[in-house]
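Just so it is clear, none of the values below were taken in a lab; they were calculated from the coordinates. None of these values were measured; they are calculated from a predicted model. Counting neighbours? That spans all protein chains shown, and the Cβs are built from the backbone with ideal geometry, glycine included.
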Amino acid sequence: MIPLNTDEGFSGPVVTTQAPILDWWLLAPFLVVFGAGVLAVLFEAFVPAARRRGLQIAVAFLALLTTFVLFVLQAGSLPEEGATLVAGVLAVDRVVLFFQGTVAVLALISLVLITERRDGRDAFAAQAATVPGSEQERAHIMAGSQHTEVYPLVLFAVLGMFMFPAANDFLTMFIALEVMSLPLYLLCGLARRRRLFSQEAAVKYFLLGAFSSAFFLFGIAMVYGYAGSVNFAEVRAAVENGGAPVFDGGNGEPLMLMGVGLVAIGLLFKVGAVPFHNWKPDVYQGAPTPITALMASCTLVAAFGALLRVFFVPFGGSLELWEPMLWTIAVLTMVVAAIVAVTQRDVKRLLAYSSVVHAGFILTAVVAASTDGLAGAMFYLAAYGFTTLGAFAVLTLVRTRDGGQELGDIERWAGLGRRHPGLAGALSLFLLAFTGIPLTSGFIGKFAVFEAAVAAGATPLVVVGVLSSAVTAFFYIRIIVVMFFRDSEEEGPTVVPAGMLTGGVITVGVAATLTLGVFPGPVLDTLLPSDEAGPEPAAVMVDEASLERTAP
């Protein structure tokens, strides 16, 4: 604020603002993906349809590969204390870079599934705007129309996923949430087959997501009322000091309680925790399988990255407020999802409930509220992402007798292990990893998050997790038994040729599942924190010194 003096004798205060200092090096990954998305939109507008698909694929692959390389280079050059960007609305440290790099790799692999074509057709409708079964739809199919705007939508969704765990204030996090979610709502409704089911899934996802976003935004308002700011560091300071100055002599704790609860609803919806999980089964089943794979891997990583950041940084000083809530949510998530999954007959719905159960396992690491818990959650998310992509890649190959529609009924997978032992063996490995069998990445991930929870005094939560794992083993092993130990019926499965792209995704999934299960040391050693004093909480995910545990 500076005084303004004029010849007319007027003198008064003028508020001046300083332009933010931009670190173009750290902003480069965001700019690359955003620029590629804008370029892809221009291709849709000006490039002839015959040449459009190849250009879109090239731009998307190049952008995601470039961002991953940038994340790796930044991890080597970033200061230990991290950095804040664009006037403090974004924060980058090695934890954030790990989440962003994991999303980049998983999105790149998902893009391989999205680009796969069989008989000249991909997994997406010829023209989603037409009425299913209408003459207009048949005309577009015969003309070979295709939704190449899938690729810019994927890029914008990935941009939101990059921003989500890096957000350093609640408004930026809300914007990232919407940038990530809106393209996914559209992508879910573009399935080539079972069009009405796909559109229904997209509408359900959109409506439930809209309610979730509204809760999140109201939560931000409550937090602002309590702290007088939406910046994470300032909210953290307000929490530790008992609220904004307006509450001197008063009680602002109800605002804080409502803010934590409403913000948690928005984040727990994205991770699919009970009771905010109802969208997952329908959306996973109705969406095109490559998009389901993208959501099951990348969205989960980004959402948990944001959830960990919120509960470890701005809300890190109010552990006693939110820990009982997360205990309850974690128990409900593991128990309810495991029980309901036992009754499922469709493979995609079963994997959806499996994702819900795994969200409960990862929540035990959040409850631990320690750097060990953070490291365990990071490893779990990376391992689960690769395994999930491999499992959904297998699902794209198992079809009905005519080789058209994907075969979801578990009972009709009988005999798959005898006819196609390699494919069934790969799926069996992924299912055993989900179960947590030793020598797979799933076992190491569960061990890491459960060990952190036990060290934090959350042993009852771990007991519930182990029992839930035993229940989940039943429906995972049931699929293996059906594939290898039952005779096929007349309407048994048909396996379409994998192709180089889908086969490559399955191979990568198998290699990652085994490597992270047999040799987890290098990754865990990298993730586990050093004994040195941590940097300021404004720019990092965890400041363990200020996370004082209270017995649950």
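Neighbours of Ala87, meaning other residues whose beta-carbon lies under 12 angstrom from its beta-carbon, give a summed charge of -2 when Lys and Arg score +1 and Asp and Glu score -1. Our estimate of slack between Arg138 and Leu31, defined as 0.36 nm per intervening residue step minus the Cα-Cα distance, is 34.6 nm. Run a plain Debye calculation on the chain (Cα atoms as equal point scatterers, no solvent) and give log10 I(q)/I(0) at q = 0.07, 0.11 Å⁻¹, rounded to two decimals, same order as the q list. After summing over all Cα pairs, the log10 values are -0.40, -0.97. Neighbour counting of Cβ atoms within 10 Å sorts the residues Lys204, Lys348, fewest neighbours leading, into Lys204, Lys348. Which one, Leu65, Ala382, Leu407, projects farthest toward the positive side of the charge dipole computed for the chain from Cβ point charges (K/R +1, D/E -1)? Going by the charge dipole, the pick is Leu407. Close amide H contacts of Asp169 (hydrogens built in the peptide plane, cut-off under 5 Å, sequence separation of 5 or more or a different chain): Phe232. Positive contributions from Lys and Arg (+1) and negative ones from Asp and Glu (-1), summed over other residues with Cβ under 14 Å from the Cβ of Gly54, come out at +2. Dipole orientation for segment 20-546: of the candidates Leu528, Ser110, Met222, Ser110 has the Cα lying most toward the positive pole (charges on Cβ; Lys, Arg +1; Asp, Glu -1). Maximal additional length on extending the Arg478-Glu253 stretch stands at 76.1 nm, based on 0.36 nm per residue less the C-alpha distance.
Can you check what the net charge comes to around Ser229, using other residues whose Cβ is under 12 Å from the Cβ of Ser229 (Lys, Arg +1; Asp, Glu -1)? Don't jump to the answer; show the numbers that get you there.
Working: positive: Arg236; negative: Asp169, Glu234.
Taking every Cβ under 12 Å from that of Ser229, the sum is -1.
For the chain, the longest principal axis of the C-alpha atoms and the axis of helix 195-227 are separated by about 20°.
Can you give the helix-only mean residue ellipticity at 222 nm for the chain, where every DSSP H stretch with n ≥ 4 adds -39500 (n - 2.57) and the sum goes over all residues, rounded to the nearest 500 deg cm²/dmol?
Details: 21 runs with 367 residues, N = 552.
Theoretical 222 nm ellipticity from helices: -22500 deg cm²/dmol.
For the peptides 54-61, 261-268, residues were scored by their other Cβ atoms within 10 Å and the scores averaged per peptide; the highest-first order is 261-268, 54-61. The HN-Hα couplings worked out from phi for segment 159-167 by the Karplus form 6.51 cos²θ - 1.76 cosθ + 1.60 (θ = phi - 60°) are 4, x, 5, 5, 6, 4, x, 8, 4 Hz, whole numbers, x standing for Gly and Pro.
Taking the Cα centre of the chain as reference, the dipole from Cβ charges on Lys and Arg (+1) and Asp and Glu (-1) amounts to some 2460 debye. Residue separation of Asp487 and Trp24 scaled by 0.36 nm, minus their Cα-Cα distance, works out to 160.6 nm of gained length.
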